[in-house]
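Enquirer: For reference, the structure I am asking about is given below.
The values are calculated or read from the model by the stated rules, or taken from the named source; none is laboratory data. Please read all numbers here as calculations on a predicted model, not as lab measurements. A quick note on method: Cβ atoms are made from the backbone with ideal geometry, for glycine too, and the neighbour counts reach across all protein chains shown.
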Amino acid sequence: MNGAAAAATLGAALSVWGTLRYLRDVYGGRTAPHRGSWFVWSVVAVVAAVTQALHGVSWSVLVLAAEAATTVAVLAAGMRRGVGGLTIGNAVLLLVAGTGILAWITTEDPLPAMAGAALADAAGLAWLVPKIWASPSTETSSMYALAGASGLTAVVSVPAADVMFLLYPGYFCVANWGVSLLITCRRRTLDRVVAGQHVPAAGYARAG
């Protein structure tokens, strides 16, 4: 097994491991996925895997395929156990995501396609940030940390240093590590202010 294959296999394993931890917390009532974010991410992940496969990228597709499968699994769990409804702000972000996905699907040039993927994914992320800020205890930071590591392995497993194939997995790595850091820092801040008391998932759900 060469280096790219080993990196891709590790990345797929990290993605599955992180999702299993997340689903454990979802079914345990500790984590509440935001349905809007996970819907956007599911579409992006599936299209990312298909797009890179069609453009001949070999081992990195393994990581993206694992990310697609695990993201859809979280979305399915979030349909009954998640939070979040459609607001005007959410609708704007959904439009941004849709624009990015549409640009991605319709273009024949992989570089703007990857940029469209990153734009769509970022819209889903922007949907999640207010939830993390209000209730960081309803997210599993380790899942995002592992997802970031998985993205890094996708970068390593790309056969050539080509920006069109490095853009999306590189963004995915940085974005997920950023989310993990935000969850951790926000929890610590609330621990100091409220002496360890966090806002429960139900409280966020009532707030919309």
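Enquirer: Taking the stated definitions as given, is Val156 at pLDDT 85 or above and closer than 30 Å to Thr51 by Cβ? Step through it out loud before you land on a result.
Expert: Details: at pLDDT 85 or above: no; closer than 30 Å to Thr51 by Cβ: yes.
Answer is no for this residue.
Enquirer: Here is a check on your reading of the model: is Arg206 among the basic types (Lys, Arg), modelled with pLDDT of 80 or more and surrounded by fewer than 22 Cβ atoms within 10 Å (Cβ to Cβ)?
Expert: Spelling it out, it is not the case that Arg206 is among the basic types (Lys, Arg), modelled with pLDDT of 80 or more and surrounded by fewer than 22 Cβ atoms within 10 Å (Cβ to Cβ).
Enquirer: While we're here: Say whether the condition of being surrounded by fewer than 22 Cβ atoms within 10 Å (Cβ to Cβ), at pLDDT 80 or above and among the hydroxyl-bearing types (Ser, Thr, Tyr) is met by at least one residue in region 142-153.
Expert: yes
Enquirer: Determine whether Ala49 is within 14 Å of Tyr168 (Cβ to Cβ), in a helix (DSSP H, G or I) and modelled with pLDDT under 75.
Expert: No; evaluated as a whole, the condition is false for this residue.
Enquirer: Which pairs do you get when a residue that is of a type in the set (A, V, I, L, M, F, W, C), found in region 139-154, comes within reach of a residue that is not in a helix (DSSP H, G or I), reach meaning Cβ atoms under 9 angstrom, with the pair 6+ apart or on two chains?
Expert: Met143/Thr31; Ala154/Trp59
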